[in-house]
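Before any comments, here is the structure.
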Amino acid sequence: MQLERLLLHLKLDGWCVVEDVIPADQIEHVRHSVEAAVAAHRNPAAPPDIGHLPGMINFDQSFAPFLADENLLALVGAMLGHHPRISFTTGTINYPGNERGGWHADWPFNQNNAGHIPAPYPDATVHLTTLWMLAPFTEENGGTLLVPGSHRSPNNPTGDNGVDPLTPYPTEVNACGPAGSVLVLDSRLWHATAPNRSHQPRTSVVVRYAPWWLNVEVLRPGSDERRRLSEETGRKENAVPSLPASVFAELPAPVQPLFRHWVAQPE
């Protein structure tokens, strides 16, 4: 019944929250580990009030044991089919005082990316974005802003659809939930960074799940797709570094199938 309820929420509204994915006695350890990794390897191009670390799994594996959570993968499998895989892992910390961000949809629906599906989109879920709440998500600390139902739109504010990306939307909501929960979004859903008005960082890891057939090679530095779509055209694109074989070997066995496509090949 819980899976049916979550699926209905995800299909109709474009998002849902799966609670208790990370056990309560593990949350503090994972949060501290993620915060330390972001502090040590933070993306210098990120806004000063946002801690951003692409390729998070390469630097910290504290959250890895939970990526194949049975309830979460049941939801992912129901939306994406058999043999899903992980396309991105990103450490994301909203520090106190961070500014509100612009409305957008995630890759491959962000029209500013080199590798994007051109609008108008077909009404189909082809990618899921998950935010792992390592601190509670509240209105005060900037739980992600969402526009429920916007995943059914054939375009989004990155595609000049007439909606000002920086203007509050009448039906927007903050996604809230207790630490240890996972916010699941259809990647087409319009969402934005919310301002953190608290005195504590809002720490999370963003993990994106893709079906086996979705080509993610444009994200991989050194790939032919990246050269053709991004480097040769001058268009920007996310960069997801390959996973070292040594890191892959240490991942829990149920998690390895989610990353095997991302392992660096020996030269």
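We did not get these values from a lab; they are worked out from the coordinates using the rules stated. Owing to the predicted nature of the structure, the values given are computational and were not obtained by experimental measurement. FYI the Cβ positions are ideal-geometry reconstructions off the backbone, even for glycines, and counts take in every protein chain you see.
Among the trypsin sites (Lys or Arg not before Pro) in region 30-88, those located in a DSSP loop and surrounded by at most 15 other Cβ atoms within 10 Å of their own Cβ are Arg42. Taking K and R as +1 and D and E as -1, what net charge do the other residues with C-beta under 15 Å from the C-beta of Trp107 add up to? Once all neighbours under 15 Å are counted, the net charge is +2.
The HN-Hα couplings worked out from phi for region 244-250 by the Karplus form 6.51 cos²θ - 1.76 cosθ + 1.60 (θ = phi - 60°) are x, 4, 5, 6, 4, 5, 8 Hz, whole numbers, x standing for Gly and Pro. Note on Gln265 and Ala245: their simple-model spin labels are 1.3 nm apart, each label 7 Å out from Cα toward Cβ. Neighbours of Asn196 by Cβ distance under 14 Å: Lys/Arg scored +1, Asp/Glu scored -1, total -1. What residues of region 82-105 lie in the reach of a label at Arg197, counting those whose backbone N is under 15 Å from a point 7 Å from the Cα along Cα→Cβ? Taking a point 7 Å out along Cα→Cβ of Arg197, the residues of region 82-105 whose backbone N falls under 15 Å are 96-101.
Taking R0 as 25 Å, what's the FRET efficiency between His82 and Arg152 from their Cβ-Cβ distance, rounded to 0.05? Using R0 = 25 Å, I get an efficiency of 0.50.
Can you give the FRET efficiency to the nearest 0.05 for His32 and Ala253, using r as the Cβ-Cβ distance and R₀ = 22 Å? So, using R0 = 22 Å, E works out to roughly 0.30. For an R0 of 30 angstrom, estimate the FRET efficiency from the Cβ-Cβ distance between Leu12 and Leu214 and round to the nearest 0.05. Calculated value: 0.85.
The modelled label-to-label distance for the pair Ala119/Asn71, using points 7 Å beyond Cα in the direction of Cβ, is 3.5 nm. Between Val76, Val147, Val173, the Gaussian network model of the chain with springs among Cα atoms under 10 angstrom shows the greatest mean-square fluctuation at Val173.
Take the Cα of Arg42, step 7 Å toward its Cβ, do the same at Tyr95, and the gap between the two points is 0.4 nm. Rounded to the nearest 500, the helix-only mean residue ellipticity at 222 nm of the chain stands at -5500 deg cm²/dmol, with each DSSP H run of n ≥ 4 adding -39,500 (n - 2.57).
Among the GluC sites (Glu not before Pro) in region 195-237, those placed in a DSSP loop whose Cβ has at most 16 other Cβ atoms within 10 Å are Glu232. Phi-derived couplings, Karplus 6.51 cos²θ - 1.76 cosθ + 1.60 at θ = phi - 60°, listed residue by residue for region 47-55: x, x, 9, 10, x, 10, 9, x, x Hz, with x used for Gly and Pro.
Taking every alpha-carbon pair in the chain and binning the separations at 10 Å intervals from zero gives 7, 30, 40, 21, 2, 0 percent.
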